[in-house]
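Structure first, then comments.
The values are calculated or read from the model by the stated rules, or taken from the named source; none is laboratory data. Quick caveat, the model's predicted, so the values are computed rather than measured. So basically every Cβ, Gly included, is an ideal-geometry build from the backbone, and we count neighbours across all protein chains shown. Note: areas computed on protein heavy atoms with side chains; ligands, DNA, RNA excluded. Shrake-Rupley method; radii C 1.70, N 1.55, O 1.52, S 1.80 Å.
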Amino acid sequence: QVQLVESGGGLVQAGGSLRLSCAASGIALNPMGWYRQAPGKQRELVATATSGGSINYADSVKGRFTISRDNGKNTVHLEMNSLKPEDTGVYYCNVRVWSSSFWRDYWGQGTQVTVSS
């Protein structure tokens, strides 16, 4: 019954912007974040946000991307500005759940972001 639904991906020119959204059901947002995976590459961290307000960004997106969360709506957003071709990939919403002695990760279906040069 845990479900993460992502939206907002698409095709954009370099320098443009996109806003990704993730709506979670059946799970609390703590912590929550975004990862991405380019073709032929490993999935990598983009940004995370805890319910207490702690924010972390990958070095490659600092100053360009902004993560935000709305605990009342159980959603998280990723505002992406000044997009570059190297930002192209499938972006996944992530929620971590404490399971006795470890964190379990839940993932959305992914949304494609393509940045053209």
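Computed on the chain, with alpha-carbon pairs under 8 angstrom and 6+ residues apart, the relative contact order is 35 percent. Overall, the stretch 45-117 carries a charge dipole of about 160 debye about its Cα centre when +1 sits on the Cβ of Lys and Arg and -1 on the Cβ of Asp and Glu, all other atoms neutral. Using a probe radius of 1.4 angstrom, the carbon and sulfur fraction of the accessible surface of the stretch 1-115 is 47%. Computed from backbone phi, the HN-Hα couplings of the stretch 63-80 come to x, 10, 10, 9, 9, 9, 9, 10, 5, x, 9, 6, 10, 9, 10, 9, 8, 10 Hz, rounded to whole numbers (Karplus: 6.51 cos²θ - 1.76 cosθ + 1.60, θ = phi - 60°; Gly and Pro given as x). By the rule of a C-alpha distance below 27 Å, with chain neighbours fewer than 8 residues away ignored, the lysines paired with residue 73 are 62. Note that the stretch 1-56 shows a convex hull volume over its alpha carbon atoms of 120 Å³ per residue.
Each Cα pair under 8 Å and six or more residues apart adds its separation to the average, and for the stretch 75-114 the resulting relative contact order is 41 percent.
Solvent-accessible surface of the chain, averaged per residue with a 1.4 angstrom probe and all protein chains in place: 54 square angstrom.
Against the compact-protein benchmark of 2.2 N^0.38 Å, the Cα-based radius of gyration of the chain scales to 1.02. Take every DSSP beta bridge whose two residues both sit in the chain; close to 90 percent of them are antiparallel. Loop by DSSP (not H, G, I, E, B), at most 13 other beta-carbon atoms within 10 Å: where is the longest site-free stretch of the chain for trypsin sites (Lys or Arg not before Pro)? Counting only loop sites that pass the neighbour cut-off, the longest clear stretch is 74-117.
For the stretch 58-99, the average shadow cast by the Cα convex hull is 4.2 nm², which is a quarter of the hull's surface. The residue among 66, 101, 83 whose Cα reaches farthest toward the positive pole of the charge dipole of the stretch 60-117, with charges on the beta-carbon of Lys, Arg, Asp and Glu, is 101.
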